[in-house]
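Each reported figure results from applying straightforward, stated rules to the coordinates on display, with no laboratory input. Computed from a prediction, not measured in an experiment: that's the story for all the values here. Cβ: placed from backbone, ideal geometry, glycine included. Neighbour counts: every protein chain shown.
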Ligand code: SAM
């Protein structure tokens, strides 16, 4: 059950309770000598309770195709690897790579890919020879500075049916946007496209004290599970993305204004949608209706 709205974990002094004491200490010890890099969004988890809670939410098992983005000092890596026996990781900070290899040298199925997750081709982790290749389970305490483009990048793999699920730590504000429904100020392109592809489950909130260095804002864990059957399939999701981007380019303007280069106000009304609404009032289903109309009736320059 989700405790997203329950009082948050503060990452307080009881951080080692429920876990062998040495766990958080090991992470902190490994931390020694590495200066957290702001440009890589490095806030390392050190709260044993929170690490446990995240790993329980992921529920890693042997035989699964797990990949972690940004393992850092290995706070989540270690318990996940312990449970699953195999893990791929993608890490951009080359100073952390030898440390990770050393830390997990006794796991033959631990593989490190050095590079930028935004550029990384995750299809290479799918065993193309296998009859039923295991889909990806993507996890990560994501670097906050690139979390939105990274989520868009990863949604493209759900489209190819390559993903079983994703568990991320994000800024709470980003999780709020992922889960937002119409009529709220958090509702926008990120939530609409994430909900187009996935069921979005906010799980729990994590306070700044769980990290070293502590970030300035609250974080939260979210689970994204690709829909088996899309609830509102569109003819062309690139057009859906384009319509939504354009609609939200000016949040305070009405659809009649923001979408006029794509669809006329009369045609919006013909779809049963009030063209005088602001973009945050429309449901995903209504955006799909507009996108499908645009896909079939592209406006020529002289129609505008
Ligand atoms: N997983 C660790 C933890 O929970 O303590 C570290 C999390 S830290 C918030 C983000 C991690 O992502 C860092 O290890 C950072 O170096 C890495 N990172 C940042 N940008 C990245 C990128 N573009 N591709 C892959 N890893 C990246």
- Message: Sorting check: for 244-251, 203-210, which peptide has the highest mean count of neighbouring beta carbons within 10 Å, and how do the rest follow?
- Response: 203-210, 244-251
- Message: Can you sort 280, 296 from fewest to most other Cβ atoms within 10 Å of each residue's own Cβ?
- Response: 296, 280
- 1/(1 + (r/R0)^6) with r = Cβ-Cβ of residue 216 and residue 118, R0 = 25 Å, i.e. FRET efficiency to nearest 0.05, evaluates to 0.60
- Item | residue 128 versus residue 249: modelled label distance in nm, points set 7 Å from Cα along the beta carbon direction | 3.7
- Item | Helix 147-159 vs. the chain, principal-axis angle (Cα, 0 to 90°, nearest 10) | 80
- Item | Inter-label distance, nm, simple model (7 Å from Cα along the C-beta direction), residue 83/residue 228 | 2.3
- At residue 269 and residue 199, where each label point lies 7 Å from the Cα along Cα→Cβ, what is the point-to-point distance in nanometres? 4.0
- With Cα coordinates, the longest principal axis of the chain makes an angle with the long axis of helix 237-247, in degrees rounded to 10, of 80
- Cα convex hull of the chain: how many Å³ per residue? 151
- Item | Degrees separating the helix 48-58 axis from the principal Cα axis of the chain, which is the longest one | 50
